[in-house]
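See structure below.
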Amino acid sequence: MRTPFPSLSRHSRRITVGVAGAALVGVTLAPPALAGPATPTKAAEAAAAPAQQPRGAQPYVFSYGYNNHLSLGGGNFTVGGRVYVVVKLNSGATHYGKWVVARLGQRNPGGTFHVETHIPYHCPPGKNGYARGYDAATGTWSPKLPVSVCVRFD
């Protein structure tokens, strides 16, 4: 007596054949292993060097609320470089300033940062100040981002 094989649907057979075919193509196109250590290429040396911001990309700053405070983030800064984040009133008086390090981000291009200020997030008078980021590696300021800065008058 013969034992029947379990039936496979057309889709599962196609998937199996597709995966096997992709593995076969990958094996045939893979480069042969080298006997000795490879010398570093220019691409490998560039990857090991600190990454600069993308050419033609201007750094930028954006704002959002977190824990009822004004929080700032930015992108297109030098990865691993220092960034000075500042919030000023329109009169020029500095209300907040801090040095941070730009890290490689997942959602924003280039070097990114996120910082929470002590400034309350919702202020009724409107946009009476601005935020900027300074990339110390390139000497580049981001454009001014209008923000609301709550100022107490006692």
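Each value in this text was obtained by applying a stated rule to the coordinates, not by laboratory testing. None of these values were measured; they are calculated from a predicted model. For neighbour counting, all protein chains shown are included, and Cβ atoms are generated from backbone atoms with ideal geometry for every residue, glycine included.
Things worth noting here:
- Annotation: amide H of Gly81 within the under-5 Å range of Ala102, sequence separation 5 or more or interchain, hydrogens built in the peptide plane.
- Other residues lying with their Cβ under 14 Å from the Cβ of Tyr60 contribute a combined charge of +2, Lys and Arg counting +1, Asp and Glu -1.
- Remark on Leu70: its backbone amide H falls under 5 Å from those of Thr117, Ile119, Tyr121, a criterion applied only to residues 5 or more positions apart or on other chains, H modelled at 1.01 Å from N.
- Length available on full extension from His118 to Leu104: 0.36 nm per residue minus the Cα-Cα distance, which gives 2.6 nm.
- Figure legend: label point modelled 7 angstrom from the Cα of Lys127 along Cα→Cβ; residues of the range 67-85 with amide N under 19 Å from it are 70-75.
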